Amino acid sequence: MSDATQEYGGGTFDEAVRRSQALRADFLKNPARYRVLTGDRPTGPLHIGHYFGSLRNRVELQQLGIDTFIVIADYQVLTDRDSVDSIPDNVRELVLDYLSVGLDPSSGHTHIFCHSHVPALNQLLIPFLTLVGMGELDRNPTVKEEIDAAGLTTVNAAMYTYPVHQAADILFCKGNVVPVGRDQLPHLELTRKIARRFNQHFCADDRPVFPEPEALLSNAPKILGLDGSQKMSKSRNNAVVLRATADETAALVKKAKTDTDRHITYDPAKRPEVANLLLLASLCTGDAPEAIAQRIGDGGSGALKKVVTDALNDTLAPIRTRRTQLAAHATDVIRDTLRPGIATANRVADATLAEVRDAMKMGYGL
Ligand code: TRP
(Lines give C-alpha, C1' and ligand atoms only; values in the text may rest on other atoms or scores of the structure.)
Protein backbone atom coordinates (compact mmCIF):
# COMPACT_ATOMS: atom_id res chain seq x y z
CA MET A 1 0.00 0.00 0.00
CA SER A 2 1.46 3.36 -0.90
CA ASP A 3 1.67 6.06 1.74
CA ALA A 4 -1.04 8.23 0.21
CA THR A 5 -3.56 5.41 0.16
CA GLN A 6 -2.72 4.12 3.63
CA GLU A 7 -6.09 3.78 5.31
CA TYR A 8 -6.95 5.93 8.28
CA GLY A 9 -10.43 5.17 9.51
CA GLY A 10 -11.75 4.41 6.06
CA GLY A 11 -10.09 7.54 4.70
CA THR A 12 -6.73 8.10 3.10
CA PHE A 13 -3.86 10.30 4.14
CA ASP A 14 -4.84 12.77 1.41
CA GLU A 15 -8.30 12.96 2.88
CA ALA A 16 -6.81 13.67 6.30
CA VAL A 17 -4.90 16.57 4.72
CA ARG A 18 -8.07 17.93 3.08
CA ARG A 19 -10.03 17.54 6.29
CA SER A 20 -7.33 19.48 8.18
CA GLN A 21 -7.66 22.35 5.71
CA ALA A 22 -11.42 22.42 6.18
CA LEU A 23 -10.96 22.45 9.95
CA ARG A 24 -8.58 25.42 9.71
CA ALA A 25 -11.14 27.36 7.69
CA ASP A 26 -13.87 26.61 10.23
CA PHE A 27 -11.68 27.63 13.20
CA LEU A 28 -11.97 31.21 12.01
CA LYS A 29 -15.76 31.06 11.81
CA ASN A 30 -16.63 28.88 14.78
CA PRO A 31 -13.81 28.83 17.33
CA ALA A 32 -16.19 27.90 20.17
CA ARG A 33 -17.00 24.56 18.50
CA TYR A 34 -13.52 23.25 19.10
CA ARG A 35 -11.51 21.95 21.97
CA VAL A 36 -7.95 21.02 21.17
CA LEU A 37 -5.84 18.50 23.04
CA THR A 38 -2.16 18.25 22.32
CA GLY A 39 0.94 17.30 24.25
CA ASP A 40 4.52 16.24 24.58
CA ARG A 41 6.56 13.77 26.53
CA PRO A 42 8.99 15.53 28.86
CA THR A 43 12.08 13.89 27.37
CA GLY A 44 14.22 16.92 26.50
CA PRO A 45 14.22 20.55 25.46
CA LEU A 46 12.11 21.60 22.48
CA HIS A 47 13.88 22.60 19.28
CA ILE A 48 13.07 24.57 16.16
CA GLY A 49 11.52 21.47 14.57
CA HIS A 50 8.91 21.52 17.33
CA TYR A 51 8.57 25.29 16.98
CA PHE A 52 7.81 25.35 13.26
CA GLY A 53 5.98 22.00 13.28
CA SER A 54 3.62 22.54 16.19
CA LEU A 55 4.30 25.26 18.79
CA ARG A 56 3.64 28.11 16.37
CA ASN A 57 0.28 26.55 15.50
CA ARG A 58 -0.66 26.21 19.13
CA VAL A 59 -0.10 29.91 19.67
CA GLU A 60 -2.28 30.65 16.64
CA LEU A 61 -5.10 28.51 18.06
CA GLN A 62 -4.82 30.43 21.33
CA GLN A 63 -5.04 33.72 19.44
CA LEU A 64 -8.19 32.48 17.71
CA GLY A 65 -9.74 31.90 21.13
CA ILE A 66 -9.80 28.10 20.82
CA ASP A 67 -9.56 26.20 24.10
CA THR A 68 -6.43 24.09 24.17
CA PHE A 69 -5.37 21.53 26.74
CA ILE A 70 -1.68 20.70 26.66
CA VAL A 71 -0.71 17.47 28.38
CA ILE A 72 2.81 16.94 29.63
CA ALA A 73 2.81 13.17 29.31
CA ASP A 74 5.08 12.31 32.22
CA TYR A 75 3.86 8.74 32.77
CA GLN A 76 4.50 8.05 29.09
CA VAL A 77 8.22 8.65 29.57
CA LEU A 78 8.40 5.30 31.35
CA THR A 79 7.32 3.36 28.29
CA ASP A 80 10.86 3.21 26.92
CA ARG A 81 13.16 4.07 29.82
CA ASP A 82 13.52 3.09 33.45
CA SER A 83 14.76 6.24 35.13
CA VAL A 84 12.60 9.06 36.40
CA ASP A 85 15.61 11.19 37.32
CA SER A 86 15.43 13.50 34.33
CA ILE A 87 11.66 14.10 34.47
CA PRO A 88 11.55 17.11 36.85
CA ASP A 89 14.14 19.05 34.86
CA ASN A 90 12.50 18.15 31.58
CA VAL A 91 9.08 19.26 32.82
CA ARG A 92 10.62 22.53 33.93
CA GLU A 93 12.29 23.11 30.56
CA LEU A 94 9.13 22.17 28.70
CA VAL A 95 7.02 24.67 30.64
CA LEU A 96 9.62 27.40 30.07
CA ASP A 97 9.69 26.56 26.36
CA TYR A 98 5.88 26.70 26.13
CA LEU A 99 5.64 30.05 27.86
CA SER A 100 8.54 31.61 26.01
CA VAL A 101 6.99 30.90 22.59
CA GLY A 102 3.81 32.68 23.71
CA LEU A 103 1.54 29.99 25.10
CA ASP A 104 -0.20 31.84 27.89
CA PRO A 105 -2.52 30.29 30.48
CA SER A 106 -3.70 33.77 31.50
CA SER A 107 -5.36 34.00 28.07
CA GLY A 108 -7.96 31.66 29.62
CA HIS A 109 -7.70 29.42 26.56
CA THR A 110 -4.53 27.43 27.26
CA HIS A 111 -4.36 24.83 30.04
CA ILE A 112 -1.03 23.15 30.73
CA PHE A 113 -1.00 20.10 33.02
CA CYS A 114 0.85 16.83 33.74
CA HIS A 115 -1.28 13.73 33.37
CA SER A 116 0.26 12.19 36.52
CA HIS A 117 -1.69 14.80 38.52
CA VAL A 118 -5.11 14.12 37.08
CA PRO A 119 -6.36 10.85 38.65
CA ALA A 120 -9.73 10.73 36.86
CA LEU A 121 -7.99 11.01 33.49
CA ASN A 122 -5.90 7.95 34.29
CA GLN A 123 -8.89 6.05 35.56
CA LEU A 124 -10.49 6.25 32.13
CA LEU A 125 -7.77 3.87 31.03
CA ILE A 126 -9.52 0.95 32.71
CA PRO A 127 -12.82 0.99 30.82
CA PHE A 128 -10.97 2.00 27.65
CA LEU A 129 -8.69 -1.04 27.85
CA THR A 130 -11.76 -3.26 27.75
CA LEU A 131 -12.69 -1.75 24.38
CA VAL A 132 -9.44 -2.63 22.61
CA GLY A 133 -8.17 -6.02 21.44
CA MET A 134 -4.65 -7.31 22.07
CA GLY A 135 -4.24 -7.77 18.34
CA GLU A 136 -4.98 -4.10 17.72
CA LEU A 137 -2.30 -3.08 20.19
CA ASP A 138 0.17 -5.50 18.70
CA ARG A 139 -0.34 -4.21 15.15
CA ASN A 140 0.19 -0.49 15.89
CA PRO A 141 2.93 0.55 13.42
CA THR A 142 4.11 3.59 15.42
CA VAL A 143 4.56 1.55 18.59
CA LYS A 144 6.56 -1.04 16.62
CA GLU A 145 8.82 1.67 15.19
CA GLU A 146 9.39 3.17 18.61
CA ILE A 147 10.33 -0.20 20.08
CA ASP A 148 12.84 -0.69 17.24
CA ALA A 149 14.20 2.86 17.46
CA ALA A 150 14.75 2.60 21.22
CA GLY A 151 16.46 -0.76 20.75
CA LEU A 152 14.46 -2.26 23.61
CA THR A 153 15.24 -5.86 24.51
CA THR A 154 12.26 -6.17 26.80
CA VAL A 155 9.08 -4.21 26.26
CA ASN A 156 6.85 -3.22 29.17
CA ALA A 157 3.06 -3.39 28.98
CA ALA A 158 2.71 0.40 29.17
CA MET A 159 4.54 0.63 25.84
CA TYR A 160 1.83 -1.46 24.18
CA THR A 161 -0.99 0.32 25.94
CA TYR A 162 0.19 3.93 25.73
CA PRO A 163 -2.00 4.63 22.67
CA VAL A 164 -4.97 3.79 24.93
CA HIS A 165 -3.60 6.10 27.63
CA GLN A 166 -3.34 8.74 24.94
CA ALA A 167 -7.04 8.19 24.18
CA ALA A 168 -7.70 9.01 27.85
CA ASP A 169 -5.53 12.16 27.50
CA ILE A 170 -7.69 13.27 24.60
CA LEU A 171 -11.14 12.13 25.67
CA PHE A 172 -11.07 13.21 29.32
CA CYS A 173 -11.64 16.77 28.10
CA LYS A 174 -13.74 15.71 25.10
CA GLY A 175 -11.09 17.11 22.80
CA ASN A 176 -12.40 17.10 19.24
CA VAL A 177 -9.26 18.26 17.43
CA VAL A 178 -5.78 16.82 17.91
CA PRO A 179 -2.84 18.44 16.12
CA VAL A 180 -0.62 15.55 15.10
CA GLY A 181 2.24 14.51 12.92
CA ARG A 182 1.73 11.68 10.49
CA ASP A 183 3.26 9.11 12.86
CA GLN A 184 0.50 9.80 15.39
CA LEU A 185 -2.37 9.07 13.00
CA PRO A 186 -2.68 5.39 14.03
CA HIS A 187 -3.03 6.52 17.65
CA LEU A 188 -5.73 8.99 16.78
CA GLU A 189 -7.55 6.31 14.82
CA LEU A 190 -7.53 4.13 17.94
CA THR A 191 -8.89 7.05 20.01
CA ARG A 192 -11.73 7.44 17.50
CA LYS A 193 -12.51 3.73 17.76
CA ILE A 194 -12.51 3.87 21.56
CA ALA A 195 -14.88 6.86 21.54
CA ARG A 196 -17.18 5.14 19.03
CA ARG A 197 -17.15 1.81 20.86
CA PHE A 198 -17.78 3.46 24.23
CA ASN A 199 -20.74 5.37 22.85
CA GLN A 200 -22.12 2.25 21.13
CA HIS A 201 -21.67 -0.11 24.09
CA PHE A 202 -22.70 2.12 26.93
CA CYS A 203 -24.71 5.11 25.73
CA ALA A 204 -28.18 5.71 24.37
CA ASP A 205 -28.02 6.67 20.67
CA ASP A 206 -28.97 10.25 21.40
CA ARG A 207 -26.60 10.67 24.33
CA PRO A 208 -23.04 9.82 23.31
CA VAL A 209 -20.44 10.72 25.95
CA PHE A 210 -17.44 11.20 23.65
CA PRO A 211 -16.78 13.03 20.39
CA GLU A 212 -14.70 11.29 17.70
CA PRO A 213 -11.72 13.62 17.53
CA GLU A 214 -10.19 14.66 14.25
CA ALA A 215 -6.55 15.00 13.29
CA LEU A 216 -5.19 18.41 12.47
CA LEU A 217 -2.12 17.79 10.33
CA SER A 218 0.59 20.42 10.37
CA ASN A 219 1.02 22.19 7.05
CA ALA A 220 4.62 23.13 7.79
CA PRO A 221 7.13 21.34 5.56
CA LYS A 222 9.16 18.70 7.35
CA ILE A 223 12.59 19.92 8.41
CA LEU A 224 15.55 17.64 8.90
CA GLY A 225 18.42 17.96 11.33
CA LEU A 226 21.38 20.17 10.45
CA ASP A 227 23.15 17.10 9.08
CA GLY A 228 20.43 17.16 6.41
CA SER A 229 19.90 13.41 6.46
CA GLN A 230 17.93 12.58 9.57
CA LYS A 231 15.04 13.85 11.63
CA MET A 232 15.99 16.76 13.87
CA SER A 233 16.55 15.51 17.40
CA LYS A 234 18.55 16.61 20.40
CA SER A 235 20.00 13.13 20.86
CA ARG A 236 21.43 13.18 17.32
CA ASN A 237 23.10 16.49 18.09
CA ASN A 238 21.65 18.03 14.92
CA ALA A 239 19.01 20.25 16.51
CA VAL A 240 18.86 23.95 17.39
CA VAL A 241 17.10 23.94 20.75
CA LEU A 242 14.98 26.97 21.56
CA ARG A 243 17.03 27.82 24.62
CA ALA A 244 20.39 27.75 22.75
CA THR A 245 22.31 31.02 22.66
CA ALA A 246 22.94 32.96 19.45
CA ASP A 247 26.58 31.80 19.51
CA GLU A 248 25.64 28.15 20.01
CA THR A 249 23.23 28.47 17.10
CA ALA A 250 25.95 29.96 14.89
CA ALA A 251 28.33 27.14 15.82
CA LEU A 252 25.74 24.45 15.02
CA VAL A 253 24.87 25.99 11.66
CA LYS A 254 28.57 26.33 10.87
CA LYS A 255 28.98 22.57 11.32
CA ALA A 256 25.94 21.82 9.14
CA LYS A 257 26.55 19.62 6.14
CA THR A 258 26.35 21.21 2.69
CA ASP A 259 27.90 20.29 -0.69
CA THR A 260 30.71 21.58 -2.90
CA ASP A 261 28.63 23.46 -5.50
CA ARG A 262 29.10 27.17 -4.70
CA HIS A 263 26.04 28.16 -6.71
CA ILE A 264 23.15 27.87 -4.26
CA THR A 265 19.91 26.41 -5.62
CA TYR A 266 16.80 24.97 -3.99
CA ASP A 267 16.72 21.35 -5.10
CA PRO A 268 15.42 19.06 -2.32
CA ALA A 269 15.91 15.87 -4.36
CA LYS A 270 19.51 16.45 -5.50
CA ARG A 271 20.77 18.75 -2.74
CA PRO A 272 18.88 17.77 0.45
CA GLU A 273 21.31 19.40 2.91
CA VAL A 274 21.36 22.77 1.13
CA ALA A 275 17.59 22.61 0.60
CA ASN A 276 17.02 21.94 4.29
CA LEU A 277 19.03 25.02 5.28
CA LEU A 278 17.11 27.14 2.77
CA LEU A 279 13.86 25.81 4.16
CA LEU A 280 14.89 26.82 7.67
CA ALA A 281 15.64 30.35 6.53
CA SER A 282 12.33 30.37 4.66
CA LEU A 283 10.35 29.29 7.74
CA CYS A 284 11.96 32.13 9.70
CA THR A 285 11.58 34.92 7.16
CA GLY A 286 8.48 33.88 5.22
CA ASP A 287 10.40 34.27 1.92
CA ALA A 288 10.29 31.39 -0.57
CA PRO A 289 13.35 29.10 -0.40
CA GLU A 290 13.94 29.59 -4.16
CA ALA A 291 14.09 33.37 -3.69
CA ILE A 292 16.54 33.05 -0.82
CA ALA A 293 18.72 30.75 -2.96
CA GLN A 294 18.67 33.26 -5.81
CA ARG A 295 19.77 36.07 -3.54
CA ILE A 296 22.72 34.02 -2.30
CA GLY A 297 23.62 33.02 -5.86
CA ASP A 298 27.32 32.14 -6.08
CA GLY A 299 28.00 33.01 -2.44
CA GLY A 300 28.55 29.36 -1.55
CA SER A 301 27.80 27.59 1.70
CA GLY A 302 29.48 30.33 3.77
CA ALA A 303 26.95 32.91 2.65
CA LEU A 304 24.11 30.41 2.98
CA LYS A 305 25.09 29.65 6.56
CA LYS A 306 25.28 33.32 7.43
CA VAL A 307 21.74 33.84 6.07
CA VAL A 308 20.43 30.85 8.04
CA THR A 309 22.18 31.84 11.29
CA ASP A 310 20.87 35.41 11.10
CA ALA A 311 17.34 34.26 10.23
CA LEU A 312 17.25 31.79 13.12
CA ASN A 313 18.73 34.18 15.64
CA ASP A 314 16.36 36.99 14.60
CA THR A 315 13.35 34.70 14.95
CA LEU A 316 14.49 33.20 18.23
CA ALA A 317 15.72 36.43 19.88
CA PRO A 318 12.38 37.48 21.45
CA ILE A 319 11.69 33.88 22.54
CA ARG A 320 15.10 33.65 24.18
CA THR A 321 14.72 36.99 25.93
CA ARG A 322 11.40 35.92 27.40
CA ARG A 323 12.87 32.57 28.38
CA THR A 324 15.72 34.18 30.29
CA GLN A 325 13.28 36.41 32.16
CA LEU A 326 11.06 33.46 33.08
CA ALA A 327 13.97 31.20 34.04
CA ALA A 328 15.13 33.80 36.58
CA HIS A 329 12.17 32.80 38.78
CA ALA A 330 11.50 29.37 37.34
CA THR A 331 10.15 27.68 40.48
CA ASP A 332 7.32 30.21 40.81
CA VAL A 333 6.63 30.21 37.07
CA ILE A 334 6.33 26.41 36.91
CA ARG A 335 4.04 26.29 39.94
CA ASP A 336 1.87 29.18 38.76
CA THR A 337 1.49 27.51 35.36
CA LEU A 338 0.86 23.94 36.41
CA ARG A 339 -1.37 24.54 39.46
CA PRO A 340 -4.24 26.22 37.61
CA GLY A 341 -3.78 23.92 34.58
CA ILE A 342 -3.98 20.83 36.79
CA ALA A 343 -6.97 22.25 38.70
CA THR A 344 -8.88 22.85 35.47
CA ALA A 345 -7.92 19.43 34.11
CA ASN A 346 -9.11 17.76 37.33
CA ARG A 347 -12.44 19.58 37.24
CA VAL A 348 -13.02 18.53 33.66
CA ALA A 349 -11.77 14.96 34.21
CA ASP A 350 -13.96 14.45 37.31
CA ALA A 351 -17.04 15.55 35.37
CA THR A 352 -16.23 13.21 32.47
CA LEU A 353 -15.54 10.26 34.78
CA ALA A 354 -18.91 10.85 36.47
CA GLU A 355 -20.60 10.62 33.05
CA VAL A 356 -18.60 7.50 32.24
CA ARG A 357 -19.63 5.81 35.48
CA ASP A 358 -23.27 6.68 34.89
CA ALA A 359 -23.15 5.37 31.34
CA MET A 360 -21.57 2.15 32.64
CA LYS A 361 -24.32 1.80 35.27
CA MET A 362 -21.79 2.32 38.04
CA GLY A 363 -23.29 5.55 39.39
CA TYR A 364 -25.40 3.69 42.01
CA GLY A 365 -27.38 6.84 42.66
CA LEU A 366 -24.55 8.12 44.85
N1 TRP B 1 2.86 10.61 22.27
C2 TRP B 1 3.04 12.02 22.12
C3 TRP B 1 4.49 12.26 21.74
O4 TRP B 1 5.32 11.41 21.95
C5 TRP B 1 2.71 12.82 23.36
C6 TRP B 1 1.28 12.67 23.78
C7 TRP B 1 0.81 12.07 24.92
C8 TRP B 1 0.14 13.12 23.07
N9 TRP B 1 -0.54 12.11 24.94
C10 TRP B 1 -0.97 12.75 23.83
C11 TRP B 1 -0.02 13.79 21.86
C12 TRP B 1 -2.26 13.01 23.38
C13 TRP B 1 -1.31 14.06 21.42
C14 TRP B 1 -2.41 13.66 22.17
O15 TRP B 1 4.82 13.31 21.29
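The values are calculated or read from the model by the stated rules, or taken from the named source; none is laboratory data. No experiment lies behind these values; they were computed from the predicted model shown. Quick reminder, even Gly has a Cβ in these numbers, built from the backbone with ideal geometry, and neighbours come from all protein chains shown. Accessible surface is based on the protein model in full, side chains and every heavy atom, while ligands, DNA and RNA are left aside. Shrake-Rupley method; radii C 1.70, N 1.55, O 1.52, S 1.80 Å.
Nearest 5 is fine: what % of DSSP beta bridges in segment 6-137 come out antiparallel, could you say?
Values: 2 of 13 bridges.
Taking every DSSP beta bridge within segment 6-137, about 15 percent pair in antiparallel fashion.
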Find the relative contact order for the chain and round it to a whole percent, using C-alpha pairs within less than 8 Å whose residues are 6+ positions apart.
20
Which aspartates and glutamates have a Cα less than 19 Å from the Cα of Lys361, not counting those fewer than 8 places away in the same chain?
Asp205, Asp206, Asp350
List the relative contact order of segment 234-327 as a percent without decimals, with contacts defined as Cα pairs under 8 Å and 6+ residues apart.
31
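Jot down the per residue volume, in cubic angstrom and as a whole number, of the convex hull over the alpha-carbon atoms of the chain.
Values: hull volume 57.4 nm³, N = 366.
Expressed per residue, the convex hull around the Cα atoms of the chain is 157 Å³.
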Determine the calculated [θ] at 222 nm for the chain from helices alone, applying -39500 (n - 2.57) to every DSSP H run no shorter than 4 residues and normalising by the residue count; nearest 500 deg cm²/dmol.
-16500 deg cm²/dmol
Need the C-alpha centroid separation for segment 16-30 versus segment 95-133, integer Å.
23
Kindly rank 291-299, 46-54 from highest to lowest mean number of other beta carbons found within 10 Å of each residue.
46-54, 291-299
For segment 261-366, what class follows from the C-alpha gyration tensor (a ≥ b ≥ c being the square roots of its eigenvalues): rounded when a/c is under 1.5, otherwise prolate if a/b is larger than b/c, else oblate?
oblate
On a 1.4 Å probe surface of the protein chains, which of Asp97, Asp89, Asp82 comes out largest in accessible area, and what is the full order?
Asp82, Asp89, Asp97
Cα centroid separation, segment 178-196 to segment 248-297 (Å)
34
Which of the lysines could be linked to Lys234 by a straight reach, that is with a Cα gap under 24 Å, when you skip same-chain ones fewer than 8 residues away?
Lys144, Lys222, Lys254, Lys255, Lys257, Lys305, Lys306
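On a full-extension model of 0.36 nm per residue, what is the gain between Thr331 and Glu212, subtracting their alpha-carbon distance, rounded to one decimal in nm?
Working: separation 119, 0.36 × 119 = 42.84 nm, distance 3.75 nm.
Extending this stretch completely gives an extra 39.1 nm.
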Using alpha carbons only, how many degrees (0 to 90, rounded to 10) separate the axis of helix 246-255 from the longest principal axis of the chain?
70
Neighbours of Leu242 by Cβ distance under 12 Å: Lys/Arg at +1, Asp/Glu at -1, summed charge +3
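May I ask for the net charge around Ala16, where only other residues with Cβ less than 9 Å from the Cβ of Ala16 are counted and Lys, Arg are +1 while Asp, Glu are -1? Walk me through the numbers on the way to the answer.
Values: positive: Arg18, Arg19, Arg182; negative: Asp14, Glu15, Glu214.
Taking every other residue near Ala16 into account, the sum is 0.
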Cβ-derived FRET efficiency at R0 35 Å, Asp26 paired with Met362, nearest 0.05:
0.45
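Applying a 10 Å radius around every beta-carbon, put 156-169, 323-336 in order of their mean neighbour count, most first. Present the calculation step by step, with values, prior to reporting the outcome.
Details: 156-169: 20.4, 323-336: 13.5.
Most protected by this proxy first, the peptides run 156-169, 323-336.
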Label-point separation, Glu355 to Ala158 (7 Å along Cα→Cβ), nm
2.8
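For Ser301, what is the net charge nearby, where nearby means another residue's Cβ is under 12 Å from its Cβ and Lys, Arg count +1, Asp, Glu -1? Numbers along the way, then the final one.
Working: positive: Lys254, Lys255, Lys257, Arg262, Arg271, Lys305, Lys306; negative: Asp259, Asp261, Glu273, Asp298.
That works out to +3.
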When only C-alpha pairs under 8 Å and at least 6 residues apart count, what is the relative contact order of segment 46-198, in percent?
27
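Of the accessible area of the chain, with the probe set at 1.4 angstrom, what percent is carbon plus sulfur? Before the final figure, lay out each step's value.
Numbers: 9160 of 17700 Å².
Using a 1.4 Å probe with all protein chains present, the chain comes out at 52 percent carbon and sulfur.
Rounded, prolate or oblate: which fits segment 91-143, taking a ≥ b ≥ c as square roots of the Cα gyration tensor eigenvalues, rounded meaning a/c under 1.5, else prolate when a/b beats b/c?
On the way: a/c = 3.21, a/b = 2.03, b/c = 1.58.
Since a/c reaches 1.5 and a/b is larger than b/c, the shape of segment 91-143 is classed as prolate.
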Tell me the label-point distance for the pair Asp138, Asp82, using the 7 Å Cα-to-Cβ offset, in nm and rounded to one decimal.
2.7
Given springs between every Cα pair under 10 Å in a Gaussian network model of the chain, which of Val84, Val241, Val143 has the largest fluctuation?
Val84
Based on the Cβ-Cβ distance of Leu129 and Val17, what FRET efficiency does E = 1/(1 + (r/R0)^6) give at R0 = 30 Å, to the nearest 0.05?
0.45
Pairwise label distance in nanometres, Arg262 with Arg347, each label 7 Å out on the Cα-Cβ vector:
6.5
